[in-house]
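The values are calculated or read from the model by the stated rules, or taken from the named source; none is laboratory data. Everything quoted here is computed from the prediction, not taken from an experiment. Cβ sites come from the backbone with ideal geometry, for glycine too, and all protein chains shown count toward neighbours.
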Amino acid sequence: MNLDTISKRLLLLIEKFSGGNKARFSRITGIPTPSLQKYVEENRLPAQKHLISIQKNLDISIDWLLAGEGLMIKADQNINFVEEDMSDYNRMADEIAENGTPEQKEQCAKALGIIGMAHRGLRKKLKNMGKQTG
């Protein structure tokens, strides 16, 4: 789908979040269905309060919605930040896995689990630490 207009990006959101059902999307976002119809069918710029509603209810990037720039879902932007920030955790986990005592390895594994890191590399390190301490 070519996403060069706001109406096309709105249609994508409607499909993604409500299976293409405009009435359901209206209920999710609080945008009246007639207004939504105008935005989609007439390629009108949504009212500021409706843009804010979409952003808050769906965690959508306003930059993406208005200009097609950046990532659609704001949470995806946080993933990039977390990925960059993970290098410190990776280095510490590597050091502890290689040189740490069994107690340090166990504490590191617990700490990484508590932090809730879903990064695949850290999951692998957690498994390896468990094998080494278990």
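Summary of computed values
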quantity: Set ALA118, ALA111: member being over 30 Å from ILE31 (Cβ atoms), outside any helix (DSSP H, G or I), of a type in the set (Gly, Ala, Ser) and at pLDDT below 75; calculated: ALA118
quantity: For ILE54: the one exception among (1) modelled with pLDDT of 90 or more; (2) outside any helix (DSSP H, G or I); (3) of a type in the set (A, V, I, L, M, F, W, C); calculated: (2)
quantity: From the options GLU84, GLU15, residue that is at pLDDT 90 or above, acidic (Asp, Glu) and part of a helix (DSSP H, G or I); calculated: GLU15
